[in-house]
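Notes follow once the structure below has been shown.
Laboratory data are not the source of any read-out in this text; all were calculated from the coordinates shown. As the structure is a computational prediction, the values presented were derived from the model and not from experiment. All Cβ positions, even for glycine, are placed from backbone atoms using ideal geometry, and neighbour counts span all protein chains on display.
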Amino acid sequence: MRELGGRDIASSISMRKGFTEVDRQADPAMLVAGMEATAQWPAVQRLRRWERDRLQLGSGDHVLDVGCGPGDVLAELAALVEPDGRAVGVDASEQMLAAAAERAKSQGVAIELLTGDAAALTFEDTSFDVVRSERTLQWVSDPARAVAELVRVTKPGGRICVIDTDWRTLLPDHPSPDVARRFLDAMGTVRGDQISVGGRLVNLLRRAGVQNVEATAETHMWLDWKSGRVHRAAWDGAAAIRGKGPCRPRLPRRGRRRPDDGRVRAVGPRRPLLRLIDDVRRSRHRAQLSRNDSSLR
């Protein structure tokens, strides 16, 4: 990991804060890059194609992207509603909005960008023909309130699409059940109550008064741990919450061989869980992780 003030970036990124306080993280650019990388996942691409087919955007439509991030989807939607439409993005992060503005400029599309809270939108009722939100509810303290806001600003007969993750479907494949269990426990601790929000989208929308709800799902798989510094930082940050003191992996002394069977040596009370995940990553056994994203209209 790149050093920052004498510390590893992985141990400087707070996964508890995650994308709720991007601008207050040690390296906001890393989180922006993480959003860019995730957008390239085949599962995310499939969900976005499914979404576009159903939103039926056309010239003159007013569209809102809540939690627009670096604006990759917003720029595409802006091109679809030109020349008479309106494309608006809301995000809690100035860093994300700056990236979105630069993208729109480079692509020659007109967008409006606002800093805001998904659970307290500043727009008048029934302001937009189409409203979308992708992987945002998992970072909101009250998803039901946020969904109610999406519905409030949508015109009667408008379209709403919500995409998010059900982290309960994260399945590590490792020969040690104990290591797999510890990994899942760490993710549950990091994500808290919103770990399951992707699996609750249907009922969240129905309780907010949305009719004719349609749903689909996709699965993303990691086949190894070599996913680049952005995602390695995410996993290391997830592990670090259980540790005390510096959250760097403790490597064996020179000459000591690490076991090749995937087993993890005894864990002391002060040993950070990061060591466990580091052992999994360094094992000869491949780890396969599945993640389901659910998308709804």
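Overview of results
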{"quantity": "Amide H partners (placed H, <5 Å) of Glu112, local residues excluded", "calculated": "Ala87, Val88, Gly89"}
{"quantity": "Residues whose placed amide H lies under 5 Å from that of His62, excluding near-sequence neighbours", "calculated": "Arg86, Asp129, Val130"}
{"quantity": "Antiparallel %, DSSP beta bridges [both residues in region 70-185], to 5", "calculated": "10"}
{"quantity": "Ascending count of other beta-carbon atoms within 10 Å, so fewest first, for Met96, Met187", "calculated": "Met187, Met96"}
{"quantity": "Cα Rg over Rh - region 173-212, Kirkwood", "calculated": "1.26"}
{"quantity": "Relative contact order of region 133-233, defined on C-alpha pairs under 8 angstrom at six or more residues apart (%)", "calculated": "32"}
{"quantity": "Region 67-138 shape via C-alpha gyration tensor axes, a/c threshold 1.5", "calculated": "oblate"}
